[in-house]
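S.K.: Just dropping this structure here.
The values are calculated or read from the model by the stated rules, or taken from the named source; none is laboratory data. Since the structure is predicted, the reported quantities are computational estimates derived from the model, not experimental observations. All Cβ positions, even for glycine, are placed from backbone atoms using ideal geometry, and neighbour counts span all protein chains on display. Please note that ligands, DNA and RNA were not included when accessible areas were found on the heavy atoms of the full protein model with its side chains. Shrake-Rupley method; radii C 1.70, N 1.55, O 1.52, S 1.80 Å.
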Amino acid sequence: MRKALRWLLALTVFIGTLSTAGAATAAQSAQPGPTDIKDRLLAIPGMSLVQEKPYPGYRYFVLNFTQPVDHRHPDRGTFQQRITVLHKDTSRPTVFYTSGYNVSTTPSRREPTQIVDGNQVSLEYRFFTPSRPDPADWSKLDIWQAASDQHRVYEALKPVYSANWLATGGSKGGMTATYYERFYPRDMAGVVAYVAPNDVVDKEDSAYDRFFAAVGTKECRDRLNAVQREALVRREPLEEKYAQYAADNGYTFATVGSLDQAYEAVVLDYVWTFWQYSLLKDCDSVPADAAGATDDMIWNSVESVVGFSSYADQGLEQYTPYYYQAGTQLGAPTIQFPAIERKLIRYGYQPPRNFVPRSIPMRFQPGVMRDVDTWVRHHARHMLFVYGQNDPWGSERFRPGTGARDSYVFTAPGMNHGANVAGLVADEKALATARILEWAGVASPAVQGDPSAAKPLARYDAELDVRDVEREPALRP
């Protein structure tokens, strides 16, 4: 009897303890969560702070977010992916930006962010250092894994930024935004993709040849072609200069194979890169008489447009993930050089394989881009593509077709790889701005009734609103 009483007393105490703990837990859960935006961000599992930087009117954070190396098998290792958050207000729309390369840790605002006066989340593409798994399993660098990175970041931040989200990016970033939409079409309210190449059939590149036969003016084309040819005619003396330049700067050429291969790769990029980053007015800086120009004039023109460090090991290293993707999924263009005698060209446009260390295996997957192109043609919804008239990368572009809804392709006259909505003709600029505002959920009744009334909601900030073309590697791999 005494034992039974002791057991009953113990059970009563235990139940009381559970009740007290339950009441405490309930009271704790009823307490409001953190209200400061930094605390809210850092309360997200896997999120850690690298740095907070001040900027008037915003809070700006550089963060790390824990991602699985393989989203199909999240138990097989993780890595830290760098993101930045330009915070304005949790009630505002959010623009999800990626360049497709490294992320800048300097506060900046992409065009859609200015248009909607919103927050901006920027993501570093996987395998660009420091966002690279260690050890690096390169087979996990593909467009689906990268889209899944974005999806996890979106899911983590959506409870904080609950208003509409838009995805954006330029060039490889525009491609990235498109691929994200293809694999996770329910995440974003809209996509604004700038100058996004679309290499559906890797071996069919005649569109680029037609572009270079007609771009700009004949005078400008003739100047550029003559300088490019002359750089190959003078290969011997200019390669001597290149060898000294490499020695002075510690450049090596193990990846591409030789200084000679690197030299030709730089020279063959000259015309492409000029049109990618320059404007027609910049033709005035190209030597008018290439045959009569000095070696230094030819060298300086090629150096200023392309850069002789581009295909050195030190120039290639940062962009290994890009060249890997170009050689496995994205594709890479090959163009002809009708103004140059065949005997002057030893290698031609070299494949991406030549720009990736041989220790990294590569195999091209020809169906990947066709899948994305087919999806855009038949299923695009709330997608806006902007191209530049004089940008070679627009030769093969995305074209929403039958089945696409509320989606557009616009071309900015006279613009290069930095084409944007602001550079469109007036009626297209107004329509594009109106659609962005509508997708973001911030279009006024006046804009909804008349797209010509559409204007960016945030005032232009010369420091924050970077309009320069984002320099990438000589994207002719």
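S.K.: How many residues does the range 139-176 hold that are open to solvent by less than 10 Å² (accessible area, probe 1.4 Å), over 19 Å from Ser108 (Cα atoms) and charged (D, E, K, R)?
M.R.: 1
S.K.: Does the range 29-41 include one or more residues that are modelled with pLDDT of 70 or more, surrounded by fewer than 10 Cβ atoms within 10 Å (Cβ to Cβ) and charged (D, E, K, R)?
M.R.: Yes, some residue in the range 29-41 is modelled with pLDDT of 70 or more, surrounded by fewer than 10 Cβ atoms within 10 Å (Cβ to Cβ) and charged (D, E, K, R).
S.K.: Within the set of pairs 6+ apart or on separate chains, which have a first residue in the range 34-60 that is of a type in the set (Asp, Glu), a second that is outside any loop (DSSP other than H, G, I, E, B), and C-beta atoms under 6 Å apart?
M.R.: Once the first residue is of a type in the set (Asp, Glu) and sits in the range 34-60, its partners that are outside any loop (DSSP other than H, G, I, E, B) give Glu52/Phe61.
S.K.: List every residue pair whose Cβ atoms lie under 6 Å apart, where the two residues are 6 or more positions apart in sequence or sit on different chains, the first residue falls within the range 412-434 and is within 14 Å of Val192 (Cα to Cα), and the second residue, located anywhere, is open to solvent by less than 20 Å² (accessible area, probe 1.4 Å) and in a loop (DSSP other than H, G, I, E, B).
M.R.: What qualifies is Ala419/Val195; Thr433/Ala454; Ala434/Ala454.
S.K.: I would also like to ask the following. Just one of the numbered conditions (1) in contact (Cβ under 8 Å) with a residue 24 or more places away in the chain; (2) within 14 Å of Gln150 (Cα to Cα) is not true of Arg186; which one?
M.R.: That leaves (1) as the condition not met.
S.K.: Then there's this: Look through the range 315-364, keep the residues that are assigned to a helix (DSSP H, G or I) and open to solvent by 70 Å² or more (accessible area, probe 1.4 Å), and return whichever of them is nearest to Glu124 (Cα to Cα).
M.R.: Going through the range 315-364, the residues assigned to a helix (DSSP H, G or I) turn out to be 315-330, 342-344, 352-355.
Next cut, open to solvent by 70 Å² or more (accessible area, probe 1.4 Å) only: 317-318, 342-343.
On the way: Glu317: 16, Gln318: 13, Arg342: 41, Lys343: 43 Å.
Only one residue fits best here, namely Gln318.
S.K.: With the structure loaded, tell me whether Thr84 is open to solvent by less than 20 Å² (accessible area, probe 1.4 Å) and part of a helix (DSSP H, G or I) or whether it fails that test.
M.R.: Working: open to solvent by less than 20 Å² (accessible area, probe 1.4 Å): yes; part of a helix (DSSP H, G or I): no.
No: the conditions fail for Thr84.
S.K.: Checking the structure you have, find out if any residue of the range 391-399 is in contact with a Gly (Cβ under 7 Å, 6 or more places away or on another chain), open to solvent by less than 10 Å² (accessible area, probe 1.4 Å) and assigned to a helix (DSSP H, G or I).
M.R.: Start the filter on the range 391-399 by keeping residues that are in contact with a Gly (Cβ under 7 Å, 6 or more places away or on another chain), which leaves 394.
Next, from what is left, pick out any that are open to solvent by less than 10 Å² (accessible area, probe 1.4 Å): 394.
Filter again for assigned to a helix (DSSP H, G or I), leaving 394.
Yes, the range 391-399 contains a residue that is in contact with a Gly (Cβ under 7 Å, 6 or more places away or on another chain), open to solvent by less than 10 Å² (accessible area, probe 1.4 Å) and assigned to a helix (DSSP H, G or I).
S.K.: Suppose we keep only residues that are within 17 Å of Gln325 (Cα to Cα) and of a type in the set (S, T, N, Q) within the range 117-138. Which one would you say is surrounded by the most Cβ atoms within 10 Å (Cβ to Cβ)?
M.R.: Filtering the range 117-138 down to residues within 17 Å of Gln325 (Cα to Cα) leaves 124-129, 131-133, 136-138.
Next, from what is left, pick out any that are of a type in the set (S, T, N, Q): 129, 131.
Numbers: Thr129: 14, Ser131: 22.
Top of the filtered list is Ser131.
S.K.: Any idea which of Asp222, Asp199, Asp205 is charged (D, E, K, R) and closer than 21 Å to Asp296 by Cα? Spell out the reasoning first.
M.R.: Values: Asp199 fails: closer than 21 Å to Asp296 by Cα; Asp205 fails: closer than 21 Å to Asp296 by Cα.
Going through Asp222, Asp199, Asp205 in turn, the sole match is Asp222.
S.K.: Against the definition (touching a strand residue (DSSP E or B) at 6+ places or on another chain (Cβ under 9 Å), touching a residue at least 60 places away in the same chain (Cβ under 8 Å) and within 23 Å of Pro45 (Cα to Cα)), how does Ser171 come out, yes or no? Write out each step before concluding.
M.R.: On the way: touching a strand residue (DSSP E or B) at 6+ places or on another chain (Cβ under 9 Å): yes; touching a residue at least 60 places away in the same chain (Cβ under 8 Å): yes; within 23 Å of Pro45 (Cα to Cα): no.
Here the answer is no, as Ser171 does not meet what is asked.
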